[in-house]
Amino acid sequence: MSSVANRIADLASVPLFHDAEEDEVFLNNPYRRPTRTFDNQFINFASPLNRNNQASNSALSTHRLLLNVYEMDMLFLPDQSYPGFAEDFATFYSEDALAKADAVRHDLEKKAFGFLDDEIQIEGKWTAKDAMEFFEAFLHEQKQSRDLGASSSAVLNAIMTSPDPKRCAQHYLIQFAPDFLSEASAMSRMASGMFGPLQSEVFNILIDEYGAGVHDNKHSTLYENTMKSVGLSSQIHHYWQFYQATSLCMTNYFHYITRAKRHAFRYLGALLYTEASLVNVTKRQSEMLRTVFGKDVDTKYFDEHHHIDQHHGEMALHRVIKPALDRFGDDVASEIVRGFLEFQFLESLADEDLVAQLEFFNSLEQSADLAKRYYHEVVGDGSEIPLETFVECKGERSTTHTHPDDRLLVIESGSMEFWPIYGDALSLSAGDILAIPRHRLHGSVVTSDESVYHQPIADRDTMLAALDNQVAAQ
């Protein structure tokens, strides 16, 4: 193995990061963060991700490990003690685990974010004046679109038009949990040092995020209340297995640009984008939640952000970015703009990924009918498509993952439970067939003494064409 692969293997060898066990679909231990350690040996961690594989298994493994690295230097405690707490606490924060994390952090950051330098092209050298005009135009655009409803968002519309909107909305809320349940933790990295009035202005925003020291007003507490009001746990990383790679990416990006102080000016741009855009986003999120869950849902988290971020957007621009540009001029303008554009881009990728995941869930029944026809009429009729057969024993869990291609899941014998998104599992048994598109998150656990299943590669277009050809031949 390469030196990078060895460092990855060392970090993944921390027992808390081993594959999920049979009973670990949900986690009540803030230090237990399962990864698919076997998969890591097949991932080239020296080659950066690109825009087309942000939802891949490589991306998922990278961001799971990277979040663990970042969170090892932050304090996490469970709601209450549990058997083995002291041992897990000591392991997660041990010198050995921290050394392994430090050794691999740069490798993981290059893998996760190296593609942004090529993807986000800053044409020419931006001046301070250019940057201010660009940001002012964005704030104006946000004001012009503030009356748009939830259905104007592709993600929120996919939730509200789903056959099971409550389950989709819960999965949606889970995607924010890695960030919102420890909200502003990355921002707190920008509170140290000595950089004059800029430091105090950033800290003013941080104080608001932390509820001015009143725990009940802390934004993460408000998000806990939202989750509880729709039947979700507020324990940190309880839904670790259901985080999509692109959701983890957005959380990790803020840790990346705040921990690496060379990216401090990128952070200012990303901060402006989030604070200014959330005014409208949170208004629509609140509308969606009330539409889906009714009057009992607690939307204060989103309503509070809709109120406070009207001020934070202006604060970030006129009390943080403008003074930085006045002080450092054209030397930092391009970096601030880059941070703005980078996070805007990553958010767009996350939205696309989430819409695709919800479409996968919503179309399971329809796609299963097509998959069954294809498998029985084409594959079972002598086609030479490799089946890729697996034999697994009772209790064997497949930690959530994705595939690099479109596949079928064909249960030959036995039974398993299968998760396409958060919620009750699908019970599959002999004869059941599902279509699993490329890069769609899923996981399973075998429930019979033994299960034999196949995973032939077949995308939707191939299946339709093969069935059409078969009909034509007849």
Simple spin-label estimate for residue 390/residue 214, 7 Å along Cα→Cβ, in nm, reads 5.0
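For segment 365-473, what's the relative contact order in percent, using C-alpha pairs closer than 8 Å and at least 6 residues apart?
Details: 220 pairs, mean separation 41.9, N = 109.
The normalised contact order for segment 365-473 reaches 38 percent.
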Membrane-span-like helices (DSSP H runs, Cα span along own axis at least 30 Å, mean Kyte-Doolittle at least 0.0) in the chain -> 264-293, 330-362
Under the 7 Å Cα-to-Cβ spin-label approximation, residue 326 and residue 192 lie apart by a distance in nanometres of 2.9
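Mind ordering 412-424, 250-262 by average Cβ neighbours within 10 Å, highest first? Spell out each step's value before the answer.
Values: 412-424: 17.8, 250-262: 20.2.
Going from most to least packed, we get 250-262, 412-424.
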The local net charge around residue 189, scoring Lys/Arg +1 and Asp/Glu -1 for residues other than residue 189 whose Cβ lies under 11 Å from its Cβ, equals +1
Ranked on Cβ counts within 10 Å of their own Cβ, fewest leading, 397, 51 go 51, 397
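Given the Cα-Cα distance of residue 290 and residue 151 and 0.36 nm per residue of separation, how much length would full extension add, in nm?
Values: separation 139, 0.36 × 139 = 50.04 nm, distance 1.31 nm.
Contour length minus Cα-Cα distance gives 48.7 nm.
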In this structure, among 129/283; 228/322; 111/372; 143/300; 100/261; 218/295, pairs with alpha-carbon gaps over 28 Å are 129/283; 228/322; 111/372
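Given 0.36 nm per residue, what is the gain on full extension from residue 405 to residue 348 after removing their alpha carbon distance, in nm? Each step should come with its number before you reach the end.
Numbers: separation 57, 0.36 × 57 = 20.52 nm, distance 2.22 nm.
Extra length from residue 405 to residue 348 when fully extended: 18.3 nm.
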Dividing the mean separation of Cα pairs under 8 Å (6+ apart) by the residue count of the chain yields a relative contact order in percent of 18
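Tell me the net charge near residue 353. Cut-off is 13 Å between Cβ atoms, residue 353 excluded, with +1 for each Lys or Arg and -1 for each Asp or Glu.
Values: positive: 51, 438, 440; negative: 347, 351, 352, 359.
That sum, taken over residues with Cβ under 13 Å, equals -1.
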With the dipole of the chain defined by +1 on each Lys or Arg Cβ and -1 on each Asp or Glu Cβ, the option from 445, 220, 271 whose Cα lies farthest towards the positive pole is 271
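Only Cα pairs under 8 Å and at least 6 apart count here; give the relative contact order of segment 3-113 as a rounded whole percent.
Working: 104 pairs, mean separation 42.5, N = 111.
Computed value for segment 3-113: 38 percent relative contact order.
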Where a ≥ b ≥ c are root eigenvalues of the Cα gyration tensor, a/c under 1.5 meaning rounded, otherwise prolate if a/b exceeds b/c and oblate otherwise, segment 365-473 counts as prolate
Distance in nm between residue 76 and residue 365 label points, each 7 Å along Cα→Cβ, equals 3.7
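Per residue of the chain, what 222 nm ellipticity follows from adding -39500 (n - 2.57) for every DSSP H run with n ≥ 4, rounded to the nearest 500? Walk me through the intermediate numbers first.
Details: 17 runs with 249 residues, N = 474.
Using -39500 (n - 2.57) per qualifying helix, the result is -17000 deg cm²/dmol.
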Taking 0.36 nm per residue of separation between residue 85 and residue 50 and subtracting their Cα-Cα distance, the length gained on full extension comes to 8.8 nm
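Every number here is computed from the coordinates shown, using simple stated rules; none is lab data. Source: prediction; values computed, not measured. Virtual Cβ from ideal backbone geometry, glycine too; neighbours counted across all protein chains shown.
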